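One structure is given here, and the rest of the page talks about it.
The values are calculated or read from the model by the stated rules, or taken from the named source; none is laboratory data. Since the structure is predicted, the reported quantities are computational estimates derived from the model, not experimental observations. Please note: Cβ atoms are built from the backbone with ideal geometry, for glycine as well, and neighbour counts cover all protein chains shown. The area values use the complete protein model at the heavy-atom level, side chains included, leaving out ligands, DNA and RNA. Shrake-Rupley method; radii C 1.70, N 1.55, O 1.52, S 1.80 Å.
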Amino acid sequence: MGGIYDDQDYKDLMNGNYYPLKNMKKSVARLKASKQIDIETMEYGQYQPILSPLETWPNGSGKVWFKALGHARLQLTAQPNTTPLSNDERVVVPPTKCALLDASIRKCFNSEPPIPMKADITQHRQDAPNSDQHEIRLVWEYGNGEDQAPTLLNLTMVCPYAAKPRKAEASAGTRLDLSEK
């Protein structure tokens, strides 16, 4: 299912909410004004549909968002974490990868000024270790020094490998051929 989000139009839509700083500030104001979310306690996945309504997402990707999000959160919650939140908060070590992702998102949206974010969505290669699992890669940039608050989060969500679906016509033709035998 991750392949639907490994799409430049989708990434551009989402990143337009978080980058550059002026866009992130607009998103923070929008979330603070929303009665659908508490920005101080929000989790990864809750804010995207508020900032960009699901029906506006390219290629129908909004229709499967909550299913894809649920799978990602379940898998990341099962993965222990030993990585500190960031260089300026080395003592904060969330217990799971999902908790690390949530804490990173909250840090971006709740910092003053907010920390812009660039998101990338990719899929594992078929032969990659743990190719059936979600993975996150969080890389903070520190424009004001390594021990200061970050100035950008590069967030990569690596989705499980999924074979490209065959075209419906080819599948129907194959079924016909098999039924004739």
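Things worth noting here:
- Label reach from S111 (point 7 Å along Cα→C-beta): in region 39-68, no amide nitrogen lies under 14 Å.
- Carbon-plus-sulfur accessible fraction, region 1-79 (probe radius 1.4 Å, protein heavy atoms only): 53%.
- The chain: Lys pairs at Cα distance under 19 angstrom, eight or more positions apart or on different chains: 22
- Of all DSSP bridge pairs formed entirely within the chain, close to 55 percent run antiparallel.
- Accessible area in square angstrom per residue, region 1-145, 1.4 angstrom probe: 54 Å²
- Helix 8-18 vs. the chain, principal-axis angle (Cα, 0 to 90°, nearest 10): 20 degrees
- The angle between the Cα long axis of helix 97-110 and the longest principal axis of the Cα atoms of the chain comes to about 50 degrees, rounded to the nearest 10.
- Options S61, N110, L85, ranked by Cα towards positive dipole end of the chain, top entry (Cβ charges): S61
- You can think of it this way: the chain between T156 and T56 has 33.8 nm of extra reach, that is 0.36 nm per residue less the Cα-Cα gap.
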